[in-house]
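Have a look at the structure that comes next, please.
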Amino acid sequence: MYSILLTDDEKLEIESLKIILTKNFMEEVSIVTANSGSKALEVVHNQKIDIVFMDIQMPGLNGLETISLIKQINPNIVVIILSAYNQFQYAQQALNLGAFKYLTKPVNRNLIVQTVRNAMSLIDSMHQNLTDNIELHEKLSSVSTMVESDFIYSCIFNNKTTDFSDYLSYFGIENSFYYVTAVELPGLGHTERQKFYEELRDVFSSKCKCIIGSLMENKVVIFLYLPKDFDIKSLMDEIFLLLSTRISSAIKIGVSNMFSDISCSHTAYNNSISAINSCGGKGGLSYFTSQNPSAFEAENARKIAELLVAKLYAEDIASVKSLCSEYIEALFATYSDTDKIRNSLFETLLNIKNAVLKVDASYKNEAFDSIFPSLARFTEKEDFEAYLSSRAVECFLAISEAKNGSENPVIKKACKFIEEHLAEDFGLEALAQELGVSPYHLSRLFKEEKGENFINYVTSLRLERAKKLLGNPSLIIKEISTEVGYNDQNYFTKLFKQKFGLTPTEYRECAGK
């Protein structure tokens, strides 16, 4: 059975649709109704909906706004627009938001029936793909376990020569922060150890994103990739309690410090083993703490880093240079381990880059693509300070240029692309992909910089160029229409008349007088 939501503020429209759907699909469908966008969202939140019929013009949330929110809740819902508005821009927006079909009222009942049947076929296809993906996942699970073990082995024994990029891509690891945890099993026989290992995989996998190594004698090494501010202690307390309850209270768990450089995984592993060794004979949970800085020193370094980013964004270059020196001094006062200095500096450099991206989303600097290889070469305080200062000055110049420029660089590039490709068929998503930004971000920038949306801007530009081309009597209207990106001459004529009050032919005749 397919669940269908009918959304329209006109009760008569809803009743008409119900009659058509009930008559043609009978027990195949279950019908729910809503008289506003907010009511439709409430239904989608609380019920499984397969197909949505949506009107555009409604009080409160309009249809396009509602579609956008519905797709965030469930991207697989099939949306059919049924509206009295037949303007191209509405249809374009609806399709960009993921609508399946845009029908204009009044609509033939046969077309409604056929559209619903097509929607049902699409849903069936998606369900089949999901089933196929589940089967494929099951087949690959055994392979994935071997890749996990290989990754952990490389982290522990071969990390200086291993290229981890393929591993990280395979596991979908985007978060740069991680811990390494070692679990030591109590004195159990081979069969009992295997059972314990399966329990351990279930517990860790259900509680966090992790990569679990194979059973090596009586130890298992686990790579946890977590958000920077994640409460690792609460997580590990819960895991330790579950394992102790289900298996044995004699297990030992050692947890490393947090790292961000994958090449430090061997150090992280040693941290976890050191922590295990500090556990008592009866087992326990221990964290590596022998090199932890004092709370005051760590907090001081953090505050200087925050102030550095703030002064950079405020374009206070004198303070930026001074704070670079202060920050490196604070790091060396806080940490005796050079890896920890590199980790902290890496985080601050990312925050500096993000300050630029706030004012220029297209900002690129190759130096930021190789931070860790660069930092790995340094051991002296002066080298770290020079590197940080160089990156900070580069970002200062980018922020200053973006803030003081007459036009946002993303929009500047977008406008250049549009002018050079007016004869081609492209939309907002294609242009956003070309510029390396999100369609939402590009749409917002157009509104802010140009005072109109993307579609209106492109349409105006095309029609203005068409007006100039009409001054050339050797060009026929069809050629001009194609030259400005409209293969449908009738549609071009309609738009031209809406903007200038005359058809292209009438405008040419008036201009020639």
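The values are calculated or read from the model by the stated rules, or taken from the named source; none is laboratory data. As the structure is a computational prediction, the values presented were derived from the model and not from experiment. Every residue, glycine as well, gets a Cβ built from its backbone with ideal geometry; the counts of neighbours run over all protein chains shown. These area figures cover heavy atoms from the full protein model, side chains too; ligands, DNA and RNA do not enter into them. Shrake-Rupley method; radii C 1.70, N 1.55, O 1.52, S 1.80 Å.
In segment 354-370, is there at least one residue being acidic (Asp, Glu), over 23 Å from Ser165 (Cα atoms) and open to solvent by 50 Å² or more (accessible area, probe 1.4 Å)? Please lay out each step first, then the result.
Our first condition is that a residue be acidic (Asp, Glu); within segment 354-370, this holds for 360, 366, 369.
Then drop every residue that is not over 23 Å from Ser165 (Cα atoms), which leaves 360.
In the following step, the residues that additionally are open to solvent by 50 Å² or more (accessible area, probe 1.4 Å) were identified as none.
No - not one qualifying residue is present in segment 354-370.
Are there any pairs with C-beta distances below 7 angstrom linking a residue in segment 440-456 that is farther than 18 Å from Ser68 by Cβ to a residue that is open to solvent by 60 Å² or more (accessible area, probe 1.4 Å) and assigned to a helix (DSSP H, G or I), with the two at least 6 apart or on different chains, and if so which?
Taking only residues 6 or more apart or on different chains, not a single pair turns up.
Could you go through segment 26-46 and let me know if any residue there is under 17 Å from Ile123 (Cβ atoms), polar (S, T, N, Q) and modelled with pLDDT of 90 or more. Spell out how you get there, then give the answer.
Taking segment 26-46 first, the residues under 17 Å from Ile123 (Cβ atoms) are 27-32, 44.
In the following step, the residues that additionally are polar (S, T, N, Q) were identified as 30.
With the extra rule that they be modelled with pLDDT of 90 or more, the set shrinks to 30.
Taking every residue of segment 26-46 in turn, at least one turns out to be under 17 Å from Ile123 (Cβ atoms), polar (S, T, N, Q) and modelled with pLDDT of 90 or more.
For the subset of segment 503-513 comprising residues that are of a type outside the set (Val, Ile, Thr) and either surrounded by 15 or more Cβ atoms within 10 Å (Cβ to Cβ) or at pLDDT 90 or above (or both), which member is nearest to Val484 (Cα to Cα)? Don't jump to the end; show me each part of the working.
Residues of segment 503-513 of a type outside the set (Val, Ile, Thr): 504, 506-513.
Add one more test, that the residue is either surrounded by 15 or more Cβ atoms within 10 Å (Cβ to Cβ) or at pLDDT 90 or above (or both), and what stays is 504, 507-508.
Values: Pro504: 13, Tyr507: 16, Arg508: 16 Å.
Only one residue tops the list, namely Pro504.
Results for (1) in contact (Cβ under 8 Å) with a residue 40 or more places away in the chain; (2) within 17 Å of Asn62 (Cβ to Cβ); (3) surrounded by fewer than 18 Cβ atoms within 10 Å (Cβ to Cβ); (4) among the polar types (S, T, N, Q), shown as yes or no for each residue.
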| residue | (1), (2), (3), (4) |
| --- | --- |
| Ile4 | yes, no, no, no |
| Lys18 | no, no, yes, no |
| Glu27 | no, no, yes, no |
| Gly37 | no, yes, no, no |
| Ala40 | no, yes, no, no |
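For Ile317, all conditions in the list (1) over 15 Å from Ser390 (Cα atoms); (2) modelled with pLDDT under 85; (3) open to solvent by less than 60 Å² (accessible area, probe 1.4 Å) hold save one; what is the number of the exception?
(1)
Among the residues of segment 342-350, is any over 29 Å from Ile253 (Cα atoms), under 33 Å from the mean Cα position of the chain (by Cα), surrounded by fewer than 16 Cβ atoms within 10 Å (Cβ to Cβ) and not charged (D, E, K, R)? Before you say what the answer is, go through the steps one by one.
Going through segment 342-350, the residues over 29 Å from Ile253 (Cα atoms) turn out to be 345, 348-350.
From what is left, the residues that are under 33 Å from the mean Cα position of the chain (by Cα) are 345, 348-350.
Filter once more, so that each one left must be surrounded by fewer than 16 Cβ atoms within 10 Å (Cβ to Cβ): 350.
Filter again for not charged (D, E, K, R), leaving 350.
Yes; the residues of segment 342-350 include at least one that is over 29 Å from Ile253 (Cα atoms), under 33 Å from the mean Cα position of the chain (by Cα), surrounded by fewer than 16 Cβ atoms within 10 Å (Cβ to Cβ) and not charged (D, E, K, R).
Of the residues Ser443, Ser438, which single one is crowded, with 16+ Cβ neighbours inside 10 Å and within 14 Å of Asn96 (Cα to Cα)? Outline the logic, then answer.
On the way: Ser438 fails: crowded, with 16+ Cβ neighbours inside 10 Å.
Residue meeting the stated conditions: Ser443.
Which ones in segment 454-478 are within 42 Å of the chain's Cα centre (by Cα) and surrounded by 16 or more Cβ atoms within 10 Å (Cβ to Cβ)?
As a first pass, look at segment 454-478 and keep what is within 42 Å of the chain's Cα centre (by Cα): 454-467.
Correct list: Phe454, Ile455, Tyr457, Val458, Thr459, Leu461, Arg462, Leu463, Arg465, Ala466, Lys467.
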